[in-house]
Amino acid sequence: MKKIFFIAVAFILSGSVVAQSEWVTDAAHTTLQFSVSHLVISEATGNFKNFEAVVATNNEEFNDAKIQISVMVESLDTDDKTRDQHLLSEDFFDVKSFPAINFESTSFKKIKDNNYKLIGNLTIKDVTKEVEFDVTHGGTVTDPYGVVKAGFKLEGKVNRFDYGLKWNTLLESGGAVVGEEVSINCNIQLKKL
């Protein structure tokens with residue numbers, strides 16, 4: 001009787017053990033971009049140069065993957081040094097007090113075909129809010145050097161006011177110099193460890 005019990009337990013445990021794969025960003029082929037309305041009539045764009053993502057998944061489709069992203073705020077680049085310094089100041093990101101932006105997923109679900117919904121907690125400064133992103137999985141391939149790569153495109157919007165980035169000036173026409181809603185557009189390439 002004991003033998004049957006132990007065999008049953010071993011069978012159940014062996015069925016629940018799934019090989020987990022870990023992936024990290026291929027920084028040379030990844031861009032974290034944002035854009036925001038400027039003077040109501042156009043958009044200002046920028047990106048972060050220094051970041052790291054770690055992804056753990058139990059399947060080739062990445063469904064239910066666990067995702068952690070850390071972005072170094074000081075790596076912000078909008079192609080304008082004066083604007084960059086203003087964004088890094090206490091008016092916006094306050095990089096001296098809050099050097100990193102962090103994201104941790106709570107759900108990554110396949111919606112249809114190669115389309116996914118990513119939900120997680122985004123922390124900017126000392127504020128954490130739940131956010132949602134639309135993700136397209138471009139596929140998985142082995143590069144010429146034998147490294148397995150996976151590609152994703154991520155899109156979404158966040159309200160900068162939610163995170164205490166509230167600096168603004170009103171125009172004579174009544175519009176704001178900087179928009180409240182920020183668009184996030186990222187092209188992400190991961191490499192399997």
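The table for this structure:
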| read-out | value |
| --- | --- |
| Residue-wise HN-Hα coupling along the stretch 92-102, computed from phi with Karplus coefficients 6.51, -1.76, 1.60 (Hz; x: Gly, Pro) | 10, 7, 6, 4, 5, 8, 9, x, 10, 9, 10 |
| For 160, 83, order by how many other beta-carbon atoms lie within 10 Å, fewest first | 83, 160 |
| Within straight-line cross-link reach of residue 191, aspartates and glutamates at Cα separation under 14 Å, skipping those fewer than 8 residues along the same chain | 22, 26, 52, 60, 143 |
| Per residue, the convex hull volume that the Cα atoms of the stretch 42-193 enclose (Å³) | 141 Å³ |
| Exceeding the 22 Å Cα-Cα cut-off - candidates 49/157; 66/96; 109/157; 81/153; 66/166 | 66/96; 81/153; 66/166 |
| Modelled FRET efficiency - R0 25 Å, residue 56 with residue 77, Cβ distances, 0.05 increments | 0.30 |
| Estimated inter-spin distance, residue 100 and residue 85, nm [label 7 Å along Cα→Cβ] | 2.8 nm |
| Computed label-point distance, nm, for sites residue 125 and residue 143 using a 7 Å Cα→Cβ extension | 3.7 nm |
| Amide H contacts of residue 50 (H built 1.01 Å from N, under 5 Å, at least 5 apart or other chain) | 72, 75 |
| For residue 37, net neighbour charge (Lys/Arg +1, Asp/Glu -1) across residues whose Cβ lies under 14 Å away | -1 |
| Rounded FRET efficiency, nearest 0.05, which uses the C-beta distance separating residue 109 from residue 166 and R0 of 41 Å | 0.80 |
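Since every read-out is calculated from the coordinates, none of them should be taken as a lab result. In this text the structure is predicted, and so the values were computed from the model without any measurement. Neighbour counts run over all protein chains shown; Cβ positions are idealised from the backbone, glycine included.
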